1. Residues of segment 153-178 being part of a strand (DSSP E or B) and open to solvent by 20 Å² or more (accessible area, probe 1.4 Å), which ones?
2. If the Cβ limit is 7 Å and pairs must be 6+ apart or interchain, which residue in segment 98-121 that is in contact (Cβ under 8 Å) with a residue 24 or more places away in the chain pairs with which residue that is in a helix (DSSP H, G or I) and of a type in the set (Lys, Arg)?
3. Kindly provide the set of residues from segment 107-141 that are surrounded by fewer than 18 Cβ atoms within 10 Å (Cβ to Cβ) and within 15 Å of the ligand (Cβ to nearest atom), ordered by number.
4. Kindly indicate whether residue 27 is more than 14 Å from the ligand (Cβ to nearest atom) and within 20 Å of residue 87 (Cβ to Cβ).
5. Of the conditions (1) farther than 19 Å from residue 143 by Cα; (2) away from the ligand (no atom under 12 Å from the Cβ); (3) in contact with a Pro (Cβ under 8 Å, 6 or more places away or on another chain), residue 104 satisfies every one except a single condition; which number is it?
6. Give me the residue from segment 84-101 that is farther than 16 Å from residue 144 by Cβ and not in a helix (DSSP H, G or I) and, out of that set, farthest from the ligand (Cβ to nearest atom).
7. Touching a residue at least 60 places away in the same chain (Cβ under 8 Å) and in a helix (DSSP H, G or I): is that true of residue 9 in this structure?
8. Count, please, the residues in segment 152-177 that happen to be of a type in the set (Gly, Ala, Ser) and either at pLDDT below 95 or touching a helix residue (DSSP H, G or I) at 6+ places or on another chain (Cβ under 7 Å) (or both).
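The values are calculated or read from the model by the stated rules, or taken from the named source; none is laboratory data. No experiment lies behind these values; they were computed from the predicted model shown. Here the Cβ positions follow ideal geometry from the backbone for every residue, glycine too, while neighbour counts run over all protein chains shown. Areas reflect the complete protein model, heavy atoms only, side chains present, ligands, DNA and RNA absent. Shrake-Rupley method; radii C 1.70, N 1.55, O 1.52, S 1.80 Å.
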Amino acid sequence: MNAPPLARLAVVISGRGRNLKALHAAIVDGLIPAAIVGVLSNRADAEGLTYAREAGLPTFVVPHVDYADRTAFDAALAETLHGLQPDIVVLAGFMRILTDGFVRAFEGRMLNIHPSLLPRHKGLNTHASALRDGDAEHGATVHFVTPQLDGGPSVIQGKFTIGAHDDVAQLAERVMTEVERKIYPQAVAWMARGELRFEQGRAAFRGRPLIEPLSLDDL
Ligand code: GRF
């Protein structure tokens, strides 16, 4: 019997690309039945592009500074993405707010990872916000992307207890190493296998709507 076709993955980045590396490693290890068909960046100097090129992945730069406004940039990004015919669009440290039109074009097949325990701390500076509010726990969330910024249905969260000496830099590091690089490949693997879907505006896992996000401990 033939193996089912690999899911076509487009990864959209702006920076270091540590999530991209974790995803690529999981693909190479056979944990995600997918192929990365493109790594897109809005910044030509994104460190993650260097990794992608060295790994032999196709790269595309769509510099936001070349476009008059958000709508024009999103149209160019969407055109590049459509050309790749992705089954899954993975936002991995992509630091641009997307227009509703763009989000609608990829709704249901676009995931994001956010460095907080959503719905707490949407937007930027999440680690500082968690410290400021005296949170006991911190972590990251993978969610479907909808027009509500950081507000789409959550899929999986990973968390840890904030230590007495954790500062912003330590929290950022812990979120990446203890949580993000584990939960993002897992979520993308579920999508690629068809176990995770977006149905009627909600996340559905193995045929049932998710009432609350899955957790690393459930795995
Ligand atoms: C991650 O913490 C992600 O949650 C946030 O930006 C960081 C991206 O890091 N949106 P990288 O580019 O994957 O290294």
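1. Across segment 153-178, the qualifying residues are 154, 157, 159, 161.
2. 99/70
3. Listed by number, the residues that qualify are 120, 122, 123, 124, 125, 128, 129.
4. Here the answer is yes, as residue 27 does meet what is asked.
5. For residue 104, the failing item is (1).
6. 85
7. For residue 9, the condition - touching a residue at least 60 places away in the same chain (Cβ under 8 Å) and in a helix (DSSP H, G or I) - is not met.
8. 2
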